[in-house]
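Worksheet: the structure to be examined is printed underneath.
The values are calculated or read from the model by the stated rules, or taken from the named source; none is laboratory data. Bear in mind that the values here come from a model prediction, so they are computed numbers and not experimental data. Reconstructed Cβ throughout: ideal geometry from the backbone, glycine too, with neighbour counts over all protein chains shown.
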Amino acid sequence: MSLETLIADYQAKTPRSRALFEEAQRVLPGGNTRTTVFIDPYPFYAVRGAGPRIWDADGHERLDFNGNYTSLILGHAPPAVVEVVRELAERGLSFPGPSEHEVRLAEVLTRRVPSCERVRFTNSGTEATMLAVRGARAYTGRPKIAKFEGSYHGTHDWVQVSITPPVEGAGSRRRPKPVPAGAGVPPAVLKNVLVLPWNQPEACLARIDRHARELAAVLCEPVQGAAGVIPPVDGFLPALREVTSRHGIVLVFDEVITFRLSPGGAQTLYGVAPDLTTFGKIIGGGLAVGAFGGRAEVMGVFDPRGGKPKVAQGGTFNANPLTMAAGIRTLEALTPEAYAHLDRLGNSLREKVRKLFRARGVRAQVTGVGSLFCLHWTPRRPVIDFRSSRPVDPEQPLRTYVGLLNEGILLSQRGMGAVSVPMGDAEVDRFVEALGQVLDAEARR
Ligand SMILES: Cc1ncc(COP(=O)(O)O)c(C=O)c1O
């Protein structure tokens, strides 16, 4: 089925969303306030979620494998989380002072993630990565940071570099050039961001060695997330740990997505401890959140005792009690059994999708770890980085997204998805069945 036909089907089903989008265009630029969720001609408007399901403004029910971009690990509106939010909301929504809840959530995080001796809270993953790199610059006194091609770390200037660069003009695979993700990224930032090739240990270490004296931080996701859920090759993370330690560079693991992979995040899964870690998504139980933490000595730059801190970090809603309590309830529900369930479901989904692709002779792959997965519309050579994950037909991810929407499944536009605790085999089977229907429609194009 062509994209036009799929969109026509979607439009026929979603008149209320279209009407809301028309109103939105009068007050929001392009009707939009979150680029990620926009699709042409308009996104669906959500009205309700419960467990693994989400409903739109036109009353359509869908199975939600997007989970607010991997945040909703317990599904929508888990009763234990809703209960504590409701209870606390009646006692005040936010305060001009700390609350016990922030101490408790910080305790949970430092217990689960041994490399985090101290933690600070923010309201988004963007702020977390922004403050982690500022902290690293303050701690080392060096100006530059390094990040990987394809990696997304939020919307501040320092990380709006080489996210999905057009490969022409982005340098060679082993020596990528910094490419601004959009207009408005200052040239000074581009001069101070070194772009590294994911999963190319030799080239990567050579670049770090060469720029070491100026590098404050190497920032990476231990499993590349938005770039396509691409795990590190064997030995890659230990090599990054070794080279950064040798040069006194702060190694920052961005675990905004990957913290969901085990009780201690991807760093415990792969056995590599960074100096700093950033968090977001699941640790707020569905509310706006971010956090960063790490070695007490590095985090000491934020310590306000004894006069001015080296780095000040305000934030009107930092560590607000509702978010902190929702995060605690969520992490309490993530028992070893819950992780085992998520891993089993994730493995089963990937296996069944692989079988489907093989049976249909489709040139596509599925990558992933634990509860995270991503569909790739590429030939069968391994997906190891952003460049190898680019679809042969650039329109295919969008056709798949809209096709799945029409079949009652919500994924993300780029093909990344996650299973959540309230899902079971029936939801995985429904996903695979719907994907099969989308592939049938593709075959009829
Ligand atoms: C790895 C990673 N870091 C940082 C962010 C930014 O988080 P937020 O959207 O909360 O600002 C994201 C968002 O998707 C992310 O995936």
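For (1) surrounded by fewer than 24 Cβ atoms within 10 Å (Cβ to Cβ); (2) more than 16 Å from Val272 (Cβ to Cβ); (3) in contact with a Ser or Thr (Cβ under 7 Å, 6 or more places away or on another chain), each residue gets a yes or a no:
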residue: Ser162; (1), (2), (3): no, yes, no
residue: Val167; (1), (2), (3): yes, yes, no
residue: Arg174; (1), (2), (3): yes, yes, no
residue: Ala226; (1), (2), (3): yes, yes, no
residue: Val233; (1), (2), (3): yes, no, no
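Taking the numbered list (1) within 16 Å of the ligand (Cβ to nearest atom); (2) in contact (Cβ under 8 Å) with a residue 60 or more places away in the chain; (3) on the phi < 0 side of the Ramachandran plot; (4) crowded, with 19+ Cβ neighbours inside 10 Å in turn, Gly150 passes all entries but (3). Highlighted here are the helices (runs of 4 or more DSSP H) found entirely within the range 178-295 that include at least 2 residues which are within 15 Å of the ligand (Cβ to nearest atom): 265-270. Test each condition in (1) within 16 Å of the ligand (Cβ to nearest atom); (2) surrounded by fewer than 20 Cβ atoms within 10 Å (Cβ to Cβ); (3) part of a loop (DSSP other than H, G, I, E, B) for Asn68 and report the one that comes out false. Asn68 satisfies every listed condition except (3). Residues in the range 377-393 include none that are in contact (Cβ under 8 Å) with a residue 60 or more places away in the chain, more than 24 Å from Leu196 (Cα to Cα) and of a type in the set (Ser, Thr, Tyr). Scanning the range 71-83 for residues that are outside any helix (DSSP H, G or I) and not β-branched (Val, Ile, Thr) gives Ser71, Leu72, Leu74, Gly75, His76, Ala77, Pro78. Taken over the range 147-174, the criterion of being of a type in the set (Ser, Thr, Tyr) and under 24 Å from Ala128 (Cβ atoms) is satisfied by Ser151, Tyr152, Thr155, Ser162, Thr164. Just one of the listed residues (Val161, Val167) is farther than 14 Å from Val252 by Cβ and modelled with pLDDT under 95, namely Val167.
Surrounded by fewer than 22 Cβ atoms within 10 Å (Cβ to Cβ) and farther than 21 Å from Tyr152 by Cα, is that true of Ala364?
Considered against the rule, which asks whether it is surrounded by fewer than 22 Cβ atoms within 10 Å (Cβ to Cβ) and farther than 21 Å from Tyr152 by Cα, Ala364 comes out as no.
Residue count for the range 102-132 under the criterion of being within 16 Å of the ligand (Cβ to nearest atom), under 23 Å from Gln224 (Cα atoms) and of a type outside the set (A, V, I, L, M, F, W, C): the result is 7. Residues of the range 37-62 that are without any contact (Cβ under 8 Å) to a residue 60 or more places away in the chain and either in a loop (DSSP other than H, G, I, E, B) or touching a Ser or Thr at 6+ places or on another chain (Cβ under 8 Å) (or both): Phe38, Asp40, Pro41, Tyr42, Pro43, Tyr45, Asp56, Ala57, Asp58, Gly59. Among all residues of the range 133-144, there is at least one that is touching a His at 6+ places or on another chain (Cβ under 7 Å), in a strand (DSSP E or B) and more than 16 Å from the ligand (Cβ to nearest atom).
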